[in-house]
Amino acid sequence: MFTTSAASDQPDYPMLARQLASVLEGERNLVTNAAQFSAFIYSSISDLNWAGFYLCAPASKPDAEFPNDLLLGPFQGKVACTRIPFKRGVCGTAAAERRTVLVEDVHAFPGHIACDSASNSEIVIPLIKDGVIYGVFDIDSPRLKRFGAEDQLGLENLLSIFIAATDLNQ
């Protein structure tokens with residue numbers, strides 16, 4: 001049985017990487033691993049009010065540049081926005097630009113989508129394997145400036161472990 005240590009404001013990312021590899025070992029299913037990853041992050045890092053995935057799905061209004069939207073996937077936290085077009089909000093920006101977007105104050109982010117009015121900072125990491133984008137992993141906090149460069153590097157590494165352990169094209 002796996003038990004996480006207390007949620008931390010300054011996570012030990014190398015230790016979390018070892019624990020995550022153990023949690024995901026032997027299972028490759030996307031939904032299962034995404035649910036486990038979301039719960040793992042939510043319980044390991046303090047001051048979060050949402051942690052989860054938005055996965056690529058055919059767009060409700062496709063265009064030539066972005067035929068997909070981001071559709072809500074496994075998560076921990078309050079009820080969330082269901083569908084987010086590429087280029088909209090922090091998640092859509094991270095997906096469209098294929099880069100991590102770290103926002104110290106979401107209220108100052110142009111086009112921010114307020115799924116939970118309690119969220120004040122956010123980090124979104126794209127889920128990319130072999131040049132294909134499969135979605136994003138999104139984390140929200142009620143605290144301004146909750147995430148920094150160390151969190152970004154640590155979370156990107158954890159997501160790379162998830163990607164390596166998971167069959168994304170299911």
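The values are calculated or read from the model by the stated rules, or taken from the named source; none is laboratory data. Predicted model, so just to flag it, every value in this text is computed and none were measured. Virtual Cβ from ideal backbone geometry, glycine too; neighbours counted across all protein chains shown. The protein model used for the area step is the full one, side chains on, heavy atoms only, and it has no ligands, DNA or RNA in it. Shrake-Rupley method; radii C 1.70, N 1.55, O 1.52, S 1.80 Å.
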For the structure I just gave you, tell me whether Arg98 is of a type in the set (D, E, K, R), in contact with a strand residue (DSSP E or B) (Cβ under 8 Å, 6 or more places away or on another chain) and more than 16 Å from Gly154 (Cβ to Cβ). yes
Residue that is farthest from Ser141 (Cα to Cα) [pool: residues in the stretch 53-77 that are of a type in the set (Gly, Ala, Ser) and surrounded by fewer than 16 Cβ atoms within 10 Å (Cβ to Cβ)]: Ala64
Restricting to the stretch 36-51, count the residues that are on the phi > 0 side of the Ramachandran plot and open to solvent by less than 10 Å² (accessible area, probe 1.4 Å). 0
Quick check on Leu127: is it in contact with a Leu (Cβ under 8 Å, 6 or more places away or on another chain), assigned to a helix (DSSP H, G or I) and within 29 Å of Glu25 (Cα to Cα)? no
Of the conditions (1) within 24 Å of Asn169 (Cβ to Cβ); (2) touching a residue at least 60 places away in the same chain (Cβ under 8 Å), Arg83 satisfies every one except a single condition; which number is it? (2)
Filter the stretch 44-75 for residues that are outside any loop (DSSP other than H, G, I, E, B) and of a type in the set (Ser, Thr, Tyr); the one that is farthest from Arg146 (Cα to Cα) is Tyr54
Quick check on this structure: which one of Ala80, Ala114 is surrounded by fewer than 22 Cβ atoms within 10 Å (Cβ to Cβ), touching a Leu at 6+ places or on another chain (Cβ under 7 Å) and not hydroxyl-bearing (Ser, Thr, Tyr)? Ala80
Part of a helix (DSSP H, G or I) and either under 15 Å from the mean Cα position of the chain (by Cα) or among the hydroxyl-bearing types (Ser, Thr, Tyr) (or both): does that describe Ile161? yes
Pair list, Cβ under 8 Å, 6 or more apart: the stretch 25-39 residue farther than 23 Å from Gly154 by Cβ and assigned to a helix (DSSP H, G or I), other residue of a type outside the set (Ser, Thr, Tyr) and modelled with pLDDT under 95: Val31/Gln170
Scan the stretch 76-86 and give yes if some residue there is assigned to a strand (DSSP E or B) and closer than 17 Å to Phe37 by Cβ, otherwise no. yes
Tell me the residue from Asp151, Asp140, Asp167 that is of a type outside the set (Lys, Arg), closer than 22 Å to Leu20 by Cα and part of a loop (DSSP other than H, G, I, E, B), please. Asp167
Residues in the stretch 103-138 that are within 19 Å of Ala164 (Cα to Cα) and among the aromatic types (Phe, Trp, Tyr): how many? 2
Which residue is farthest from Leu127 (Cα to Cα), if the candidates are limited to the stretch 50-66 and must be at pLDDT 95 or above and not hydrophobic (A, V, I, L, M, F, W, C)? Pro58
Quick check on the stretch 118-134. Is at least one of its residues open to solvent by 30 Å² or more (accessible area, probe 1.4 Å), hydrophobic (A, V, I, L, M, F, W, C), over 16 Å from the mean Cα position of the chain (by Cα) and at pLDDT 95 or above? yes
